[in-house]
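K.L.:
Dropping the structure in here first, questions after.
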Amino acid sequence: MVNTIQTSIYPRGCTFSESDWDALHRFWYPVAFSHEVTEQPVAATLLDQRLVLWRTAAGVSIANDLCFHRGVPLSMGYVEKEHLICKYHGFHYAADGRCTYVPANPEASIPVRLCLKTYPAKEAYGLIWTTLAGGELYNFPEFDEWDDPNYLQILPDAVDLNAAAGRQVEGFLDVAHFAWVHVETFGDRNNPVVPRYEVEPTPKGLRAEYLSTVSNFPKALQDRAPADFQWLRVFEVFLPFTARLTVHFPGEGRLCILNAASPVSARKTRIFVPICRNFDQDTPLEPVYEFNYKVFAEDKEMVEAQYPEDLPLDLSMESHVGADKTSIAYRKGLIKLGLSNAYTS
Ligand code: FES
Ligand SMILES: [Fe+2]
């Protein structure tokens, strides 16, 4: 994919190199949960750009979180009569970002400069997604189970990491750490071998099918699967930072996990993880949330400790073994997007 957008204005205090920011800003990332954006505006940061999200009858609006009058974040304000109102002097902004009312000088014409810089918004999978570029749906992830009545939808809280998005996504794709990092949740120290598996490129990224005897049931429930059940895990990556995992459970059960990493800055990431399953639809969800938070916490410890903090795209910088096939393909995919080896400035 060739980067044709050279006119970007980089966010204040941008932690990415300009070329990496150019490469990354064209894609779509989740920035909030749909249910969060109601009467109150919500602040979010994407690729170092501070954003405000608010909802009107027209849907969700997203703009730079800055009132050009005196530099106050609009997320401090509120929504009233279909307008976002700045907390400092009450300027009113319409859903399309136009300033429509200046209470201190209601008769005067409104400076053109007061128009907010807005971005497209898309609600999908319980999340609000945006892109800092034109709006084409580059590599938008597929997660149809979210809208499938045969599936139960589960939406854990987002997890904030002091880590690069690439490191987090690679960790999600890594199948060799189950026996070590997830030994208290579902992994088994006595089952560390990663059988050979294949990775293939797809138009949006890559796909890997991994067959092993590592159970996906929480430890206490592992007798629910036959002893040598072969667990199929299908990983699909939507470059740069979203991946989905479909786990094939016994009896046609399917667990689908969307790991959507939102790069707040070069070394801060917020992960949104909508989950769907077509089994155990009437059991209480508390243990499911608890299990997932525990797994996230186990991963967080590793990902936040890794250094260099940026995912080394130059393959010679770390050593690789056969089990790392997916992560090697993932790093190569990021290089193809135009990301540099240094990754951050
Ligand atoms: S700073 Fe927003 S209205 Fe004055
Ligand atoms: Fe993990």
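K.L.:
In degrees, nearest 10, range 0 to 90: what is the angle between the Cα axis of helix 286-305 and the longest Cα principal axis of the chain?
P.N.:
Here the helix axis deviates by roughly 90 degrees.
K.L.:
Right, next: With a point put 7 Å past each Cα toward its Cβ, work out how far Phe140 is from Asp188 in nm, to one decimal.
P.N.:
Spacing of the two 7 Å Cα→Cβ label points: 4.2 nm.
K.L.:
A follow-up question, please. Using helices alone, I'd like the mean residue ellipticity at 222 nm for the chain: each DSSP H run of four-plus residues gives -39500 (n - 2.57), total over residue count, nearest 500.
P.N.:
On the way: 5 runs with 52 residues, N = 345.
Taking each H run of at least 4 residues, the total per residue is -4500 deg cm²/dmol.
K.L.:
I'd like to know which of Phe238, Ile257, Thr213 lies farthest towards the positive end of the charge dipole of region 176-313, counting +1 on Cβ of Lys and Arg and -1 on Cβ of Asp and Glu.
P.N.:
Phe238
K.L.:
Further, regarding this structure: Hey, rough spin-label estimate for Glu80 and Ile328, points 7 angstrom out along Cα→Cβ, what's it come to in nanometres?
P.N.:
Placing both labels 7 Å beyond Cα along the Cβ direction yields 6.2 nm.
K.L.:
OK, next. Roughly how far apart, in whole Å, are the Cα centres of region 216-232 and region 49-89?
P.N.:
Going from one Cα centre to the other spans 49 Å.
K.L.:
Looking at region 245-345, which GluC sites (Glu not before Pro) are DSSP coil and have at most 10 other C-beta atoms within 10 Å of their C-beta?
P.N.:
On the way: sites: Glu252, Glu290, Glu298, Glu301, Glu304, Glu309, Glu318; in loops: Glu252, Glu309, Glu318.
Those that pass, being in a loop and sparsely packed, are Glu252.
K.L.:
Loop only per DSSP, at most 12 neighbouring Cβ atoms within 10 Å: give me the trypsin sites (Lys or Arg not before Pro) in region 53-143, ordered by residue number.
P.N.:
Values: sites: Arg55, Arg70, Lys81, Lys87, Arg98, Arg113, Lys117, Lys122; in loops: Arg70, Lys81, Lys87, Arg98, Lys117.
Passing sites in region 53-143 are Arg70, Lys81.
K.L.:
Roll a 1.4 angstrom probe over the protein heavy atoms and tell me the percent of accessible area of the chain that is carbon or sulfur. Before the final figure, lay out the partial values.
P.N.:
On the way: 8640 of 16360 Å².
After summing per-atom areas, the C and S share lands at 53 percent.
K.L.:
Assuming 0.36 nm per residue, please report the length gained on full extension of the stretch Ala297 to Met317 beyond their Cα-Cα distance.
P.N.:
Numbers: separation 20, 0.36 × 20 = 7.20 nm, distance 2.68 nm.
4.5 nm is the gain from fully extending Ala297 to Met317.
K.L.:
List the residues of region 196-212 whose backbone N lies under 14 Å from a point placed 7 Å from the Cα of Thr246 along the Cα-to-Cβ direction.
P.N.:
Answer for this model: 207-210.
K.L.:
With axes computed from alpha carbons, what is the tilt in degrees of helix 325-336 against the longest principal axis of the chain, rounded to the nearest 10 within 0 to 90?
P.N.:
Around 30 degrees separate the two axes.
K.L.:
Is the chain best put as rounded, prolate or oblate by its Cα gyration tensor, with a ≥ b ≥ c the root eigenvalues, rounded for a/c under 1.5, and otherwise prolate when a/b is larger than b/c, oblate when not?
P.N.:
Values: a/c = 2.49, a/b = 1.67, b/c = 1.49.
Since a/c reaches 1.5 and a/b is larger than b/c, the shape of the chain is classed as prolate.
K.L.:
Which of the aspartates and glutamates could be linked to Lys300 by a straight reach, that is with a Cα gap under 17 Å, when you skip same-chain ones fewer than 8 residues away?
P.N.:
Candidates past the 8-residue exclusion: Asp157, Asp160, Glu170, Asp174, Glu184, Glu290, Glu309, Asp310.
K.L.:
Tell me the per residue accessible area of region 144-336 using a 1.4 Å probe; a whole number in Å² is fine.
P.N.:
Numbers: 9010 Å² over 193 residues.
It amounts to 47 Å² per residue over region 144-336.
K.L.:
Once the Cβ-Cβ distance between Arg196 and Cys115 is put in as r, and R0 is 45 Å, what FRET efficiency do you end up with, to the nearest 0.05? Intermediate values should be presented prior to the final figure.
P.N.:
Numbers: r = 57 Å, r/R0 = 1.26.
Computed FRET efficiency for Arg196 and Cys115 comes out at 0.20.
K.L.:
Say a paramagnetic label sat at a point 7 Å from the Cα of Leu221, along Cα to Cβ; which residues of region 273-299 have their backbone N under 15 Å from it?
P.N.:
The answer is 275-295, whose backbone nitrogens lie closer than 15 Å to the label point.
K.L.:
Set Lys and Arg Cβ to +1 and Asp and Glu Cβ to -1, take the dipole of the chain about its Cα centre, and tell me which of Gln222, Tyr293, Leu53 lies farthest positive.
P.N.:
Leu53
K.L.:
Continuing with the same structure: Under a 5 Å amide H to amide H cut-off, with H placed in plane at 1.01 Å, what residues pair with Ser262 once short-range neighbours are removed?
P.N.:
Counting only residues 5 or more places away or on other chains, the set is Arg270, Ile271, Phe272.
The values are calculated or read from the model by the stated rules, or taken from the named source; none is laboratory data. Nothing here was measured: the structure is a model prediction, and the numbers come from that model. As a convention, Cβ positions derive from the backbone with ideal geometry for all residues, glycine included, and neighbour counts pool all protein chains shown. All accessible areas refer to the heavy atoms of the entire protein, side chains included, with ligands and DNA or RNA removed. Shrake-Rupley method; radii C 1.70, N 1.55, O 1.52, S 1.80 Å.
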